[in-house]
Amino acid sequence: MSLKGKRQSPEHTNKIRLALRGKYCDEKSSAWKGDSVKRTALHAWVEKHLGKPKICWDCNRTDSKIYHWANISREYKRSNGLKDWKRLCPKCHIIFDFDNHARGEKHGFAKFKEKQIIKIRNLWESGKYMQKDIAKMFGMHRTHVSCIVLRKAWKHI
């Protein structure tokens, strides 16, 4: 018998909705995925066990409307346990995530090495070369040289 066109009770609909969000997922559930879980379901699992955060652990802010659970190890595995999570306000969460992104030559799309960036800045600071000359030397566009010497790009060096 098909369920198409039939209405389900609000309780049943709510149970399905909560199950899809991970509220009913535990080790005994047939939907348990262990460490191969998606991030949204993992965050729902953490929120189920640790509750909704009410304070930021980095800045001690309590007036934010929302708080996030941030994974400290960035492995996003249940096997690391609930101690691998910390509460952060959105601002601190952005800073926390940004501090650990690959930058410079470690980034997958980097075309230059840090030594080349230092050399570009030294050539510019010497006053002997214009940005278009430096761009020709390194095979890049002049605006990229401008971003490097003004520290809009490669800020960490």
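This model, with +1 at the C-beta of Lys and Arg and -1 at the C-beta of Asp and Glu, gives the stretch 104-149 a dipole about its Cα centre of some 100 debye. Under a 5 Å amide H cut-off, with hydrogens placed 1.01 Å from N, residue 85 pairs with 72 among residues at least 5 apart or on other chains.
Loop-located chymotrypsin sites (Phe, Trp or Tyr not before Pro) in the stretch 61-121 (DSSP state not H, G, I, E or B) with no more than 16 neighbouring Cβ atoms inside 10 Å: 76, 109. Couplings for the stretch 142-157, taken from phi via the Karplus curve 6.51 cos²θ - 1.76 cosθ + 1.60 with θ = phi - 60°, read 4, 5, 5, 4, 4, 5, 5, 6, 8, 6, 7, 10, 6, 5, 6, 9 Hz in order; Gly and Pro are left as x.
Using a Förster radius of 35 Å, what is the FRET efficiency between residue 125 and residue 98 based on their Cβ-Cβ separation? Nearest 0.05, please. My answer for the efficiency is 0.80.
Across the stretch 62-71, rounded Karplus estimates of 3J(HN,Hα) from the backbone phi angles (6.51 cos²θ - 1.76 cosθ + 1.60, θ = phi - 60°) give 10, 9, 6, 6, 9, 9, 10, 9, 10, 7 Hz, Gly and Pro being marked x. For the set 77/113; 38/111; 111/152; 38/86; 115/152; 52/155, the pairs lying more than 28 angstrom apart at their alpha carbons are 77/113; 38/111; 52/155.
Based on Cα contacts under 8 Å between residues 6+ apart, the stretch 75-157 shows a relative contact order of 22 percent.
Around the Cα centre of the stretch 66-142, unit charges on the Cβ atoms of Lys, Arg, Asp and Glu (plus for the first two, minus for the last two) sum to a dipole of about 120 debye.
Throughout, read-outs are computed from the coordinates displayed, never taken from laboratory work. On a predicted model such as this, the values are computed, not experimentally measured, just so you know. Glycine gets a Cβ as well: all are built from the backbone with ideal geometry, and neighbour counts include every protein chain shown.
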